[in-house]
Amino acid sequence: MTPLEFLSIAAAVFAILMCGTGLLRFNLFLYSLQTFSIALATIAQSQQAKEPELYFVAIAIIVVKALAVPYFLSWISNRIDARSDPGILIPIPITMHAAIVLLGISYPLAKSLPHILWLSDSTVGATVAISLLFTGTLFMLTRRNALSQIIGFLTLENGIYLVAVTCTRGMPFIFEMGSLLDVLVAVMIAGLFVFRIKKSFEHIDVTQLDGLKES
Amino acid sequence: MNDLIMALIAPALIIFACLIARSISILTKLATGLILCHLLVMIKILMPLAIGNTTFLTLLPGFAIDRMSALFLLLTALIASASFAHAQVFFKQEETSGHGLQTAYVRQYYILATLFVVAMMAVYASDNLGFLWISIEATTLLSAGLVYFHRTKNALEATWKYFIICSVGIAFALLGTIFIFASSQHDQQIGSLSCFELVKLAPNLDLGSFKIGFIFCFLGYGTKAGIFPLHSWLPDAHSEAPAPASALLSGSLLNCALFAIWRIYQIAQATGRCQFIQDVTIWAGAVTVVAAALFLVRQYGIKRLWAYSSIENVGLMLVAIGLNSPFLFFLQAINHSLAKVSLFLISGNIIQSTGTKYLKDIRGVFRFAPVWGIVLALSALAVAGVPPFGSFVSEWMILTENFNLKYIIPAILIIFGLTLTFIAVCLHIGPLLLGTPKSTSKIFRPIASSVVPVTLLIGSLILGLTVGYEGLIKVVR
Amino acid sequence: MNFTEILCFIVLFLVLPILISGFIRNLKARLQNRIGSPLLQPLYNLYKLLQKSETISQDASPLFRIVPALNFSIMLILAVLVPWLPFHFSLPGSEIFLVLYLFAAMRFFSIIAALDTGSPFSAFGASREATLSALTEPAIILSLVALGIAYRTSDLNEIFSFSQSHGLMQVSIWLLSGAGLFLASLVELSRMPIDDPTTHLELTMVHEAMVIENSGPNLALIELAYNLRLVVYYGLSAQCFMHALAVLFTIDHATYVLLSILAIFILAFLTAAIESFAVKLAWRNNPEFIAYALTMSLLASLAAIFQSAFASLSLGNLGAFL
C-alpha cells in the first residue's frame, strides 16, 4: 500500500464522516480535511509518477479548495445564521452508513473499470474516487440546505479530480488549473445566490423552493 | 491571431460602454451598434470557412475553427445580434412600464450577456476537449446572472435550480472528459485532448474507457442541453429569464451543449465500433421529443411552452447527431434558433404589454396587436414544423434518414411527438390569438418591436424555400 | 512474560483505575477554572463508602446484593484477559467473543439489579442503559472483529502481539478500530455527549439513575468496577493507536510501555476536554453520535476485508514519504 492509497482512504473516511453530521461548521471542517488529504495524495502521486507540475496543482488545491472555499462558506453560514441541516429523505446517521455501503460497492466498480485505467495498480485510488462521487451525490440528495448542496458538489468535484490523478498519466496542467478556477468561481456565485435566497425567502431550504412546479 | 483580436474588439467595447454609459438608452443603442459590427466582423472572418474555401483556422494552441464551428459561430453571432437589438426595445418598454428598472441591473445584464456570448463562441472555437468543458462551465456561470435579471422569488428559484443542476451535470462531463483522455493513453501513448487529434487516433483508443467517457459526457452536456430526464431546470430558467436572455439561452446555449456532444460523437464515429453509442444517441433524442411533446400539452406559461418546444427540438438535433449528419444537425439548429428566437422575443413583447405570462390570461392578441399576432402565429407554425418554413425540411430529412438507417421505432416516436406538438401548440395559441383582449393591453412601438422577429422569420422562410427546394429534389432523386 | 513485566502489570492494574478517574475529575475542574479535587479523591471516596452502612430496599431480592460483587469479579477477569496494557498473559481465554460476552453479562446483571429494586428511577436508568448498549454493542463488536479479520484470528492476545507483518492498510485498520472503540467506550462508560456523570438532574441521568439505589460498600464495588472498566476500554483503544504508531516507527519495548500509558492519559485528557467544552446531546440525537462509532468500526471492517483482498500488495512506507 502506497502513501497515495493511504491518503485517498483518509479522504474517503473524512467524506463519509461528513455525511454523519448536520452541523455545517463540522461538515466544512471535514470537507477541508478531505481536500487536504487529496492534495497530499497529489504530492505523493507527483513523486511517484515524476510529474513535478502536480506540486503546483496540490498547492493550488490547498489554498483554494481546502482553505479559501471552506472559510468563505463558513463566513456565509455565520452571516446568514445557518448552523445545521436537518436532512431529508433518510436520517443523517443512516446516510453515513449508506455512504459506507457505497464505498463497499465502489470497490467492485473500480475493479470493473477498463484495464487501461490501471496505471500503477490504482484500485484503491479508483475505489476512493468513485466512493467520493457517490458520497457527494448522496450528500446533495439527502440535505435540504443550500450550503450543504454546495458542500456535496465540492465533494463530487474532489472525486472527479481524484479520478484524474489516479487513472490518467499527466492530465494537462492548464486543464487542471482551469477546472479549479471554475470551481472557485462557481462556489463564489453559489454563495452570492445563497445570500439572495436567504434575503428573499428568509430560509435556505431548497426543498421549499417549489414556486415553479408544473401547473 | 489577428482574427481573434478583431473578433474580441466589439465585445470588449460593449463592456467598456457598459461601464461608462450614463443612461440605459445610450447603453442599449451603443450595444446594439457594436454587436452588429461584431456580426459583420464575424461574417468577414468566417465566411471563407463557412462556404468551404478554407478548411481550417488555428487561433491559439487549443483553439481552432473548422467548417462546422464556423457555421455555428455565425449562427451564434446572428442570434446574439438579434437578442441585443431587441433588448433595446425590451429595456425601453421595461423602463416606461414602471417596473422600476435600475441602470445598474441593465449594465450588469449587458456585461454578463456579452461575456456569455464570448464564452459560447469559445465553445465552438475550442479544439481541446478541456477548453470545451471550461467554456461550457463558463456559460453556466455567466448566464445564471441573466436568468436572475428580474430579481423575483421565482427568478431566484429558477436560477438556483439552473445553476446547481447544470454545475453537477457539467461536473460529470468533466469526469467523462477525463475518461476520454485516459482512453487515449492506450499502449503507453502520451494522450491527447484535442478533438482533431483524437479523431485521427480514434482506432487506437481504448474502447471500454471511451464508452464510459462518452456516456458521462453525454449525461453532462445533455443536462445542459435539456435531454429528457435531465431537463427539469430548462423550462424554469427559460421562462423566468427576460425575453432577450431567453432567446440567447434557447437559441444558442442549447446548440452549444449539443455541439459539445457532436464533437465527442465525431470521435466515436471515427473509432468505427460505435453502434452502441449511435443507438443511445438516437433513442435518447427520440424519447426527448416524445416526452417534451407530452409536457407541452399541459402548460400554463407562454414561455414555458416555448421552453418545452426547445427541448423537443433538442431531441431532434440529437437524433440528427446520432444519424452522423452534420448537415442535418446544423440545419435543424439554425431553423430552430431563428424561429424560436423570434417566438421568445415576440412573446416577451406580449408579456410586457399584458403584464402576465399565463396563457389563460392572455387573449386577443390579433385584436390589440395585429403585427405581433401574425408574427407569433407564423413563428409558432415555423417551430412546429409547418411546410414553407425551414424546420419542416430538416424534420422531414431527419425522418427519412431515420428510415434509411432502419431506426423505425425512433422514427415513429418522433412522428408521434411532432404531431402532438403541432396539436398542442395550435390549441394553446388559438385562444391566445383570438378572443377579446383586456383593456390594459395595447401594442407599443409596433415597428421597432417587431423588426427583429420579422427578420428572423423571413430568414427561416428563405431557408425553408431554398434548402427545402434542394432537399426535395434530393428526396425525389 | 517475565517477572518485571508482571510486577509492572500489577502496579499499573492497582494504580491506574484510581489515578485516571481522579485525573479526569481534576482536569475537568482545572479546565473550568476550579482548583478541583486531589488526584486520589476516588480512593478517598471508596474508603468513605466502605465505612458507611448500607440501605437496601425492602422489595429487593438477594440478587441486588450479589450483583456488584459479581460484576466486580467479572471485571477483574476481564482486566486480565483483555490486552489493555502492552503485556500479555498467555491465557487461553482471551477470545474476542468471550470478552464481548463478559462485558455484555456485566451490563445484563447491572440492568436486572436495577430493575430488582422496583424503584422507578433505576428502572428508567436501566431502560436507557439497555437502549444505549444495544446501539453501541455493534460498534464494539465490529471494531474488534475488524482486527480479527485483518489478522485471521479471534485471539485478542495474538491480535495485539507484534508477530504479524504490517503495512499501511493495517495502520488504517488500527486507527479506525481505535477511534471506533474510543467513541463507543464514551457511550459505554456513560461519558459526556451521551450522559453526564456529574449530573444532578434525575431526568437526564442514565448510569447514575441505574445505580441510584445502591449505597455503602455496594456502591464502592460498583465504582471500583466502573473505574476498572474505564481503564480497560481506554487501554484497549490506546493499544490500537499505539499499534498504528508502531507500524510507522520502530519503538523499543520500554518506550512503548511508557507511550501506552501516556496514550491512556491522552484519551483521559480528551474525555475531560469533551466534557468541558461539549454539551450533552438530546436523547433523540444520541443515535447520531453513536453512528460515528459504528461508522468507524464498519470502515475498519471494510478496510480489513479489502486488505485480505490485497494480501499480495507490496508494503509502502509512510515514514519515508514524510
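Summary table below
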item	result
Restricting region C:161-180 to residues that are within 16 Å of the chain's Cα centre (by Cα) and open to solvent by less than 10 Å² (accessible area, probe 1.4 Å), the residue that is farthest from residue C:246 (Cα to Cα)	C:180
Single condition residue B:275 does not satisfy, out of (1) farther than 22 Å from residue B:407 by Cα; (2) without any contact (Cβ under 8 Å) to a residue 40 or more places away in the chain	(1)
Residue ID - modelled with the highest pLDDT, chosen from residues in region C:299-318 that are assigned to a loop (DSSP other than H, G, I, E, B) and either open to solvent by 40 Å² or more (accessible area, probe 1.4 Å) or within 7 Å of chain A (Cβ to nearest Cβ) (or both)	C:311
For residue C:209: the one exception among (1) under 23 Å from residue C:289 (Cβ atoms); (2) open to solvent by 20 Å² or more (accessible area, probe 1.4 Å); (3) at pLDDT below 90	(2)
Verdict on residue A:210 being more than 7 Å from every other protein chain (Cβ to nearest Cβ) and at pLDDT below 80	yes
Count of residues meeting criterion [closer than 17 Å to residue A:188 by Cα and within 11 Å of another protein chain (Cβ to nearest Cβ)] in region A:127-150	3
Test: residue in region B:232-239 that is touching a helix residue (DSSP H, G or I) at 6+ places or on another chain (Cβ under 8 Å), within 14 Å of chain A (Cβ to nearest Cβ) and open to solvent by 30 Å² or more (accessible area, probe 1.4 Å)	yes
Any hit, region B:160-170, residues being at pLDDT 90 or above and touching a Leu at 6+ places or on another chain (Cβ under 6 Å)	no
Pair list, Cβ < 7 Å and 6+ apart or interchain, from region C:284-298 residues that are more than 9 Å from chain A (Cβ to nearest Cβ) to residues that are of a type in the set (Gly, Ala, Ser)	C:293/C:139; C:293/C:180; C:293/C:184; C:297/C:139; C:297/C:143; C:297/C:146; C:297/C:177; C:297/C:180
Residue that is nearest to residue A:48 (Cα to Cα), among those in region A:173-211 that are surrounded by fewer than 21 Cβ atoms within 10 Å (Cβ to Cβ) and touching a Gly at 6+ places or on another chain (Cβ under 9 Å)	A:174
Residues satisfying the stated conditions in region B:164-174, i.e. within 7 Å of chain A (Cβ to nearest Cβ), of a type outside the set (Gly, Ala, Ser) and crowded, with 24+ Cβ neighbours inside 10 Å	B:174
Considering residues of region A:1-38 that are under 10 Å from the mean Cα position of the chain (by Cα) and among the hydroxyl-bearing types (Ser, Thr, Tyr) only, the residue farthest from residue A:134 (Cα to Cα)	A:32
Selection count, region B:320-352, where residues are under 16 Å from residue B:257 (Cα atoms) and touching a Phe, Trp or Tyr at 6+ places or on another chain (Cβ under 8 Å)	7
Checking residue B:154 against (1) touching a residue at least 24 places away in the same chain (Cβ under 8 Å); (2) open to solvent by less than 10 Å² (accessible area, probe 1.4 Å); (3) farther than 26 Å from residue B:192 by Cβ, the condition it does not meet	(2)
Qualifying positions in region B:106-159 - of a type in the set (Gly, Ala, Ser), closer than 16 Å to residue A:182 by Cα and more than 10 Å from chain A (Cβ to nearest Cβ)	B:119, B:122, B:143
Condition broken by residue C:114, with the remaining ones in (1) more than 14 Å from chain A (Cβ to nearest Cβ); (2) open to solvent by 10 Å² or more (accessible area, probe 1.4 Å) satisfied	(2)
Residue match in region A:151-172 (condition: more than 11 Å from chain B (Cβ to nearest Cβ) and either part of a helix (DSSP H, G or I) or farther than 19 Å from residue A:18 by Cβ (or both))	yes
Region C:45-83, residues that are crowded, with 19+ Cβ neighbours inside 10 Å and in a loop (DSSP other than H, G, I, E, B)	C:82, C:83
Filter result for residue C:17 (touching a residue at least 60 places away in the same chain (Cβ under 8 Å), surrounded by 14 or more Cβ atoms within 10 Å (Cβ to Cβ) and either at positive phi or part of a loop (DSSP other than H, G, I, E, B) (or both))	no
Verdict on residue A:33 being hydrophobic (A, V, I, L, M, F, W, C) and crowded, with 20+ Cβ neighbours inside 10 Å	no
Flag for residue A:122 being open to solvent by less than 20 Å² (accessible area, probe 1.4 Å), within 14 Å of chain B (Cβ to nearest Cβ) and under 20 Å from the mean Cα position of the chain (by Cα)	yes
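Condition check ((1) without any contact (Cβ under 8 Å) to a residue 12 or more places away in the chain; (2) within 23 Å of residue B:431 (Cβ to Cβ); (3) open to solvent by 10 Å² or more (accessible area, probe 1.4 Å)) across all residues:
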site	(1), (2), (3)
B:296	no, yes, no
B:300	no, yes, yes
B:309	no, yes, no
B:318	no, no, no
B:324	no, no, yes
B:335	no, no, no
B:348	no, yes, no
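Residues are listed down the side, and each one gets a yes or a no for (1) touching a helix residue (DSSP H, G or I) at 6+ places or on another chain (Cβ under 6 Å); (2) among the charged types (D, E, K, R); (3) closer than 30 Å to residue B:352 by Cα:
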| site | (1), (2), (3) |
| --- | --- |
| B:143 | yes, no, yes |
| B:146 | yes, no, yes |
| B:155 | yes, no, yes |
| B:165 | yes, no, yes |
| B:169 | yes, no, no |
| B:182 | yes, no, no |
| B:196 | no, no, no |
| B:214 | yes, no, no |
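The values are calculated or read from the model by the stated rules, or taken from the named source; none is laboratory data. Bear in mind the structure is a predicted one, so any value in this text is a computation, not a measurement. Virtual Cβ from ideal backbone geometry, glycine too; neighbours counted across all protein chains shown. To get the accessible areas, we keep the full protein, side chains included, count just its heavy atoms, and leave off ligands, DNA and RNA. Shrake-Rupley method; radii C 1.70, N 1.55, O 1.52, S 1.80 Å.
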